[in-house]
Amino acid sequence: MLLILALLLLGVLLLLRLLFVLVLLLLLRLLLVLVLLLLLGMLLLLSLLLVLALLLGVLLLRLLLVLVLLLGVLLLRLLLVLVLLLLLGMLLLLRLLLVLVLLLLGVLLLLRLLLVLVLLLLLGVLLLLRLLLVLVLLLLGMLRLLSLLLLLVLLCLLSGLGLLFLLRVGRSNASEKQEQQECCADKC
């Protein structure tokens, strides 16, 4: 039963690890999709600005080019700032995830140590129970030996009493025979 419980605990721990990895992968995918959407939005804005510059005349072309360049520089700066902020956020998330993974690994190690301690305690209890069984069997064997010794003593006493009885019977028979022989000798 303990092995089954230990296997069930290990299976639950493996499932928790798999769920954790799946959640991490989903978060990373969502972050990548957000970055791609931001890049697509920026490309759309740039394409709109270029279309407006072509539609306006040659006279406004220089002004639009200057404005586009300024806006492009500003947008690029903003994009760089956003990308840097996203990267910093991703790094912080990765650090938090690493900390969580380390904490989970520590918890798993503690659970394994607790399982090992429980198994060692159970093995110790089983060894003590075996020793108690051996002691009980030894005591039962000693009790059997004592009962056999008592039976031998009783048999010896009974045989001694039987011999004494036979000796008394033999003496009484011998004395009766002597009396009969004396009676026969007196009659003759």
Report whether or not L64 is free of Cβ contacts under 8 Å to residues at least 60 places away in the same chain, in a helix (DSSP H, G or I) and either within 30 Å of V116 (Cβ to Cβ) or in contact with a helix residue (DSSP H, G or I) (Cβ under 9 Å, 6 or more places away or on another chain) (or both).
yes
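Taking the condition of being without any contact (Cβ under 8 Å) to a residue 40 or more places away in the chain and open to solvent by less than 80 Å² (accessible area, probe 1.4 Å), how many residues in region 67-88 meet it? Working first, answer last.
We begin by selecting, within region 67-88, every residue without any contact (Cβ under 8 Å) to a residue 40 or more places away in the chain; these are 67-78, 80-81, 84-85, 87-88.
Right, trim to open to solvent by less than 80 Å² (accessible area, probe 1.4 Å) and you get 68, 71-73, 75, 81.
Of the residues in that region, 6 qualify.
Checking the conditions here, which among L140, L100, L164 is open to solvent by less than 100 Å² (accessible area, probe 1.4 Å) and within 30 Å of V21 (Cβ to Cβ)?
L100
Before we move on, is R112 closer than 28 Å to L22 by Cβ and among the basic types (K, R)?
Working: closer than 28 Å to L22 by Cβ: yes; among the basic types (K, R): yes.
Yes: the conditions hold for R112.
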Breaking point among (1) at pLDDT below 90; (2) open to solvent by 80 Å² or more (accessible area, probe 1.4 Å); (3) over 22 Å from L82 (Cβ atoms), for L50
(3)
Between a residue in region 19-47 that is of a type in the set (F, W, Y) and any residue that is part of a helix (DSSP H, G or I), which pairs come within a Cβ distance under 9 Å, given they are 6 or more apart or on different chains?
F20/L97; F20/L100; F20/V101; F20/L104
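The values are calculated or read from the model by the stated rules, or taken from the named source; none is laboratory data. If you're wondering where the values come from, they're calculated on a predicted model, not measured in any experiment. Quick reminder, even Gly has a Cβ in these numbers, built from the backbone with ideal geometry, and neighbours come from all protein chains shown. The area values use the complete protein model at the heavy-atom level, side chains included, leaving out ligands, DNA and RNA. Shrake-Rupley method; radii C 1.70, N 1.55, O 1.52, S 1.80 Å.
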